[in-house]
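Q: Got a structure for you, written out below as structure tokens; questions coming shortly.
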Amino acid sequence: MTSPLAIAQHSDVQLCLLPQLVNRHGCITGATGTGKTVTLQVMAQALSDIGVPVFMADVKGDLSGLGQAGSSSPKLAERLKRLGLAEPAWAAAPVAFWDVYGEKGHPVRATISDMGPLMLARMLNLNDTQQGVLQLVFKIADDNGLLLLDTKDLRAMLQHVGEHAAEFKTEYGNISAASIGAIQRGLIGIEEQGGEQFFGEPMLNIDDWMQTDARGRGVINILAADKLLNAPRLYSTFLLWMLSELFEHLPEVGDLDQPKMVFFFDEAHLLFNEAPKPLLQKIEQVVRLIRSKGVGVYFVTQNPLDIPDTVLGQLGNRVQHALRAYTPRDQKAVQAAAETFRANPALDTATAITELGVGEALVSFLDDKGRPNVVERGYVLTPASQIGPISDDQRRALMATSLVAGVYEQAIDRESAYERLKGRAAAPASAPSPVDDNAWGASAGHAPQAPAPRSSRPSGGVTRPSPAPEPQQESGGLGDLIGGVFGNGSGGSRRSDSPLQAMVKSAARSIGSQVGRELIRGVLGSLLKKR
């Protein structure tokens, strides 16, 4: 069994997190400037050292220091001597930088289809009626084999549905032009916040976030979120989508000696702000069930009141930094935070919360029987990596040597709803229907490019993007060979773009099968959709 992870120290006793109970989740709370970032850094590096991959969002840029070894200084040496703490063995942690905008890390992308109508509705701030119309748009796209990969696909689909609303009314119900307009306006707002860079392909392979280095240490995936935080709905929805991808992707494993991955959700209050009750219920459900898949989820926020009680009740490992009781609401938060800890007869928890200094915290981790330990007041240990941000040159050097360098940098724009609908509008009346992919492909004059299939990647491996396919020959080419293996029936029309695309993309994204897409489109979306 893996040794306990020392996080803080009380007198001469270390306060340790048990690796086998990390998947019982937790929270790190406290006012600005009280030391939450350093606590997060200590926990992440301790988990990495035992081989656990970590994901975290860096909202201030400070966490990039994990990629460089720390060093002593007169001020730090004086603090360690005063508190009786040992100097750490200075070392860097293996890191991978990511960025939705592709500026401070490898690009992160998701497809519109995989995001699903539920989370898109939250991102676009739609009401119930508008969300219902968005679900119908997805349904019509599925039924007609139209892929929704990026924002221009969704915009083209909205325009198509709006123009033919009367034709769809009988089969799908009334589609309001006002709702279509509201969705289009919301989509423009998301595009201005960076949605055009986020939505598209190649889509993130979750296995690339679960890597270990040559020494067996878990890679710490750091999302540059300082710019993303200016678009709070995009930020929170993206992290919620990542959590649902982990839930969907990973198998049931039960209780392990250590988790398969730990997910730190910084600025957690953005996830719960204005979230509808059904979404909160599903977040609670995912947090509760993802434990059995070996994933620990830790919420980082200023105030424990930012987290709903139903979710807070699932968080067993807690680190509470100082809170300031300047207002009646602050005093209520202090009292609420104190009452959530297992009482220590030798400590007045409520008073201690307001007296804590920088780097000091109240700590309560689970014991070996899964029970909360009594709360103790201690000092967070000094991280072995650099405290504070690294330089741009250091960041670029780390990105160049990353395990996924070159995998996601080049965007792919293959045939999808936008191209199909534009081709249909441009085709003469006598031309073959663009729904027939063979006819459409000939009229478009190019073969669609597809990224490497997610299903064919080995678990934990990294795949480089394949070169663009050669133009198809009239006979005897790769397309004919694959077509012979799978069979195209008796010459009838096909829903899929081509046999090659069916091989290189998962069934939910390429085949056009309504069942395939609806089953794979994000666990939160599928759970809330009407069966």
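The values are calculated or read from the model by the stated rules, or taken from the named source; none is laboratory data. All of these numbers come straight from a predicted model, not from anything done at the bench. Heads up, the Cβs are rebuilt from the backbone with ideal geometry, glycines too, and the neighbour counts pull from every protein chain shown. Please note that ligands, DNA and RNA were not included when accessible areas were found on the heavy atoms of the full protein model with its side chains. Shrake-Rupley method; radii C 1.70, N 1.55, O 1.52, S 1.80 Å.
Q: Residue check: is residue 346 open to solvent by 50 Å² or more (accessible area, probe 1.4 Å), aliphatic (A, V, I, L, M), within 26 Å of residue 360 (Cβ to Cβ) and in a loop (DSSP other than H, G, I, E, B)? Spell out the reasoning first.
A: Working: open to solvent by 50 Å² or more (accessible area, probe 1.4 Å): yes; aliphatic (A, V, I, L, M): yes; within 26 Å of residue 360 (Cβ to Cβ): yes; in a loop (DSSP other than H, G, I, E, B): yes.
The answer is yes for residue 346.
Q: Restricted to segment 128-148, and to residues that are open to solvent by 10 Å² or more (accessible area, probe 1.4 Å) and within 24 Å of the chain's Cα centre (by Cα), which residue is farthest from residue 172 (Cα to Cα)?
A: 131
Q: Return the only residue of 31, 44 being open to solvent by less than 40 Å² (accessible area, probe 1.4 Å), modelled with pLDDT of 95 or more and either within 20 Å of residue 377 (Cβ to Cβ) or outside any strand (DSSP E or B) (or both). Reasoning before the result, please.
A: Working: 31 fails: modelled with pLDDT of 95 or more.
Within the list 31, 44, the selection yields 44.
Q: A follow-up question, please. Being in contact with a strand residue (DSSP E or B) (Cβ under 7 Å, 6 or more places away or on another chain) and open to solvent by less than 60 Å² (accessible area, probe 1.4 Å) narrows it down to one of 375, 311, so name that one.
A: Working: 311 fails: in contact with a strand residue (DSSP E or B) (Cβ under 7 Å, 6 or more places away or on another chain).
After ruling out the rest, the residue left standing is 375.
Q: Can you name the residue in segment 206-221 that is of a type in the set (S, T, N, Q) and more than 13 Å from the chain's Cα centre (by Cα) and is also nearest to residue 107 (Cα to Cα) among such residues?
A: Checking each candidate, the answer is 211.
Q: Taking the conditions exactly as written (outside any strand (DSSP E or B) and either open to solvent by 10 Å² or more (accessible area, probe 1.4 Å) or over 27 Å from residue 379 (Cα atoms) (or both)), does residue 318 satisfy them or not?
A: No: the conditions fail for residue 318.
Q: With the requirement that a residue be open to solvent by 10 Å² or more (accessible area, probe 1.4 Å), out of contact with any Lys or Arg (no Cβ under 9 Å at 6 or more places or on another chain) and modelled with pLDDT of 90 or more, what does segment 191-218 give you?
A: Residues satisfying the conditions are 211, 212, 213, 214, 215, 216, 217.
Q: Are there any pairs, at least 6 apart or on different chains, whose C-beta atoms fall under 6 Å, with the first in segment 248-277 and of a type in the set (D, E, K, R) and the second modelled with pLDDT under 90 and open to solvent by less than 70 Å² (accessible area, probe 1.4 Å), and if so, which?
A: Short answer, once both residue conditions are applied: 248/523; 257/2; 266/59; 267/59.
Q: Of everything in segment 1-22, what is over 26 Å from residue 338 (Cβ atoms) and either open to solvent by less than 30 Å² (accessible area, probe 1.4 Å) or in a loop (DSSP other than H, G, I, E, B) (or both)? Give them in sequence order. Steps first, please.
A: First, the residues of segment 1-22 that are over 26 Å from residue 338 (Cβ atoms): 1-3, 19-20.
Result: 1, 2, 3, 19.
Residue by residue, here is whether (1) open to solvent by 30 Å² or more (accessible area, probe 1.4 Å); (2) farther than 11 Å from residue 137 by Cβ; (3) within 32 Å of the chain's Cα centre (by Cα); (4) in contact (Cβ under 8 Å) with a residue 24 or more places away in the chain holds:
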{"residue": "152", "(1), (2), (3), (4)": "yes, yes, yes, yes"}
{"residue": "158", "(1), (2), (3), (4)": "no, no, yes, yes"}
{"residue": "163", "(1), (2), (3), (4)": "yes, yes, no, no"}
{"residue": "169", "(1), (2), (3), (4)": "yes, yes, no, no"}
{"residue": "174", "(1), (2), (3), (4)": "yes, yes, no, no"}
{"residue": "180", "(1), (2), (3), (4)": "no, no, yes, yes"}
{"residue": "185", "(1), (2), (3), (4)": "yes, yes, yes, no"}
{"residue": "188", "(1), (2), (3), (4)": "yes, yes, yes, no"}
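Q: Still on this model: Within segment 64-181, which helices (runs of 4 or more DSSP H) (wholly inside it) include 1 or more residues that are in contact with a helix residue (DSSP H, G or I) (Cβ under 6 Å, 6 or more places away or on another chain)?
A: 112-124, 128-143, 151-163, 165-172
Q: Checking the condition without any contact (Cβ under 8 Å) to a residue 12 or more places away in the chain and aliphatic (A, V, I, L, M), which residue from 214, 224 passes?
A: On the way: 224 fails: without any contact (Cβ under 8 Å) to a residue 12 or more places away in the chain.
Unique residue meeting the criteria: 214.
Q: Sticking with this structure for a sec: Of the residues 361, 350, 343, only one is without any contact (Cβ under 8 Å) to a residue 24 or more places away in the chain, more than 27 Å from residue 275 (Cα to Cα) and aliphatic (A, V, I, L, M); which? Show your work before the answer.
A: Values: 361 fails: without any contact (Cβ under 8 Å) to a residue 24 or more places away in the chain; 343 fails: without any contact (Cβ under 8 Å) to a residue 24 or more places away in the chain.
Sole residue among the options that is without any contact (Cβ under 8 Å) to a residue 24 or more places away in the chain, more than 27 Å from residue 275 (Cα to Cα) and aliphatic (A, V, I, L, M): 350.
Q: Related question: Find the residue count for segment 102-116, including only residues that are surrounded by fewer than 23 Cβ atoms within 10 Å (Cβ to Cβ) and out of contact with any strand residue (DSSP E or B) (no Cβ under 8 Å at 6 or more places or on another chain).
A: Residues meeting the conditions: 1.
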